[in-house]
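The values are calculated or read from the model by the stated rules, or taken from the named source; none is laboratory data. No experiment lies behind these values; they were computed from the predicted model shown. Positions of Cβ are generated from backbone atoms using ideal geometry, with glycine treated the same way; all protein chains shown enter the neighbour counts. When the accessible area is computed, the model is the full protein with side chains, heavy atoms only, and any ligands, DNA or RNA have been set aside. Shrake-Rupley method; radii C 1.70, N 1.55, O 1.52, S 1.80 Å.
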Amino acid sequence: MIGISLRHAQAAGLHLRNEDPSTPTSRKRTMAQTWWALHSIECVLTSITGRPRIIARKDCTVPNPATLMEYSSTDVHTDQHHFAAPPAATSSTASGPTKSTGPTARTDLFVHAWVELDHIQHKILSHLYSARTAVYSWTYMQNEISSLTSELEAWALQWLPHGPFDTTSGAESRLERETTLLYIYYQSAKICITRPCLCRLDRRIKGQSQSSARFNQVTAEACVKAALNIASLLPDPPSPTFFYAKGPWWCAVHISEFEDELPLA
């Protein structure tokens, strides 16, 4: 169904930047949001099933919906604020008025952060899990893992708040739903990046250097830690209310598998 939907969306040109001056901004935003919603669903499905994606990022020119907002771009792209604490409204200045970051603006910030993470997930799937990776050396793959990890952490530094995820203190109960979703997606992306190092490389790749083996060990531990971080955020016993109120209900079964599998790890 998502494949058919994406093909229809491409046929309608939703993946392309709309340059028609007669099209209202609200209409352009709706079309961009529709495209990125489909893009995001495909990210989830390909991550779960391991099937190749049908979207080539280089063929998409549609902007992030947040860039079509009517408030200044600095409210969206600044690296001085996190999603959990969006920029406060300011009064008019000599350079012109700035827009308030109310509920609508906050929703657009969430969409912007989510789409940016989708882009990273797209690169993860393309660089680490596509068929062509079989021809690359393990050293090359380690460099890819390091590069993607750095990009993911840069995203987290910009969009996730510092220190609210200490689940031992019950901090998760105070999280906004949007922040919870971003946090779970962030940890899921980290699992995708680090998972190749869980594949008993000591048996598959002989004669590794000490530094290579150490990289594998540290990265594998990061993968397990990311899974534990997701599991610790989930209620025990599982609660449907949590998923519908705060969590990613569209992939609840997939996420909940962490709780079932981790005790056996």
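Given (1) more than 29 Å from residue 128 (Cα to Cα); (2) in contact with a helix residue (DSSP H, G or I) (Cβ under 7 Å, 6 or more places away or on another chain), identify the lone condition not met by residue 46.
(1)
Checking the conditions here, which among 180, 168, 219 is β-branched (Val, Ile, Thr) and either at pLDDT below 85 or outside any helix (DSSP H, G or I) (or both)?
Exactly one residue qualifies, and that residue is 168.
State which residue is nearest to residue 125 (Cα to Cα) when the search covers only the stretch 1-25 and only residues that are open to solvent by 80 Å² or more (accessible area, probe 1.4 Å) and among the small types (Gly, Ala, Ser). Don't jump to the end; show me each part of the working.
The initial filter retains those residues of the stretch 1-25 that are open to solvent by 80 Å² or more (accessible area, probe 1.4 Å), namely 1, 4, 7-8, 11, 16-17, 19, 21-22.
From the residues that got through so far, the ones that are among the small types (Gly, Ala, Ser) too are 11, 22.
Working: 11: 24, 22: 37 Å.
Result: 11.
Tally up the residues in the stretch 120-141 that are open to solvent by less than 60 Å² (accessible area, probe 1.4 Å), modelled with pLDDT under 90 and not polar (S, T, N, Q), please.
Result for the stretch 120-141: 3.
Please state which one of 84, 105, 113, 94 is at pLDDT 80 or above and of a type in the set (Gly, Ala, Ser).
Only one candidate passes the filter, namely 113.
What are the pairs with Cβ atoms under 9 angstrom where one residue, in the stretch 207-230, is over 18 Å from residue 190 (Cα atoms) and the other, located anywhere, is exposed (fewer than 15 other Cβ atoms within 10 Å of the Cβ) and of a type in the set (Ser, Thr, Tyr)? Sequence gap at least six, or different chains.
Partner pairs satisfying both residue conditions: 212/139.
Is at least one residue of the stretch 31-49 open to solvent by 30 Å² or more (accessible area, probe 1.4 Å), polar (S, T, N, Q) and in a loop (DSSP other than H, G, I, E, B)?
Within the stretch 31-49 (the criterion being open to solvent by 30 Å² or more (accessible area, probe 1.4 Å), polar (S, T, N, Q) and in a loop (DSSP other than H, G, I, E, B)), the answer is no, since none of the residues qualifies.
Residue-wise test of (1) closer than 26 Å to residue 62 by Cβ; (2) touching a His at 6+ places or on another chain (Cβ under 8 Å); (3) in a helix (DSSP H, G or I); (4) of a type in the set (A, V, I, L, M).
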residue	(1), (2), (3), (4)
117	yes, no, yes, yes
120	yes, no, yes, yes
124	yes, no, yes, yes
146	no, no, yes, no
152	yes, no, yes, yes
156	yes, no, yes, yes
161	no, yes, no, no
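Which of the residues that make up the stretch 199-216 are in a helix (DSSP H, G or I), at pLDDT below 85 and either closer than 23 Å to residue 125 by Cα or not basic (Lys, Arg) (or both)? I'd like the intermediate steps shown before the answer.
Of the stretch 199-216, the ones in a helix (DSSP H, G or I) are 201-204, 210-216.
Going one step further and asking which of them are at pLDDT below 85, we end up with 201-204.
Residues satisfying the conditions are 201, 202, 204.
With the requirement that a residue be in contact (Cβ under 8 Å) with a residue 24 or more places away in the chain and open to solvent by 70 Å² or more (accessible area, probe 1.4 Å), what does the stretch 50-59 give you? Working first, answer last.
Initial filter on the stretch 50-59 (in contact (Cβ under 8 Å) with a residue 24 or more places away in the chain): 50, 52-55, 57, 59.
52, 57, 59, listed by residue number.
Condition check: surrounded by 12 or more Cβ atoms within 10 Å (Cβ to Cβ), part of a loop (DSSP other than H, G, I, E, B) and modelled with pLDDT of 50 or more. Does residue 62 satisfy that?
The answer is yes for residue 62.
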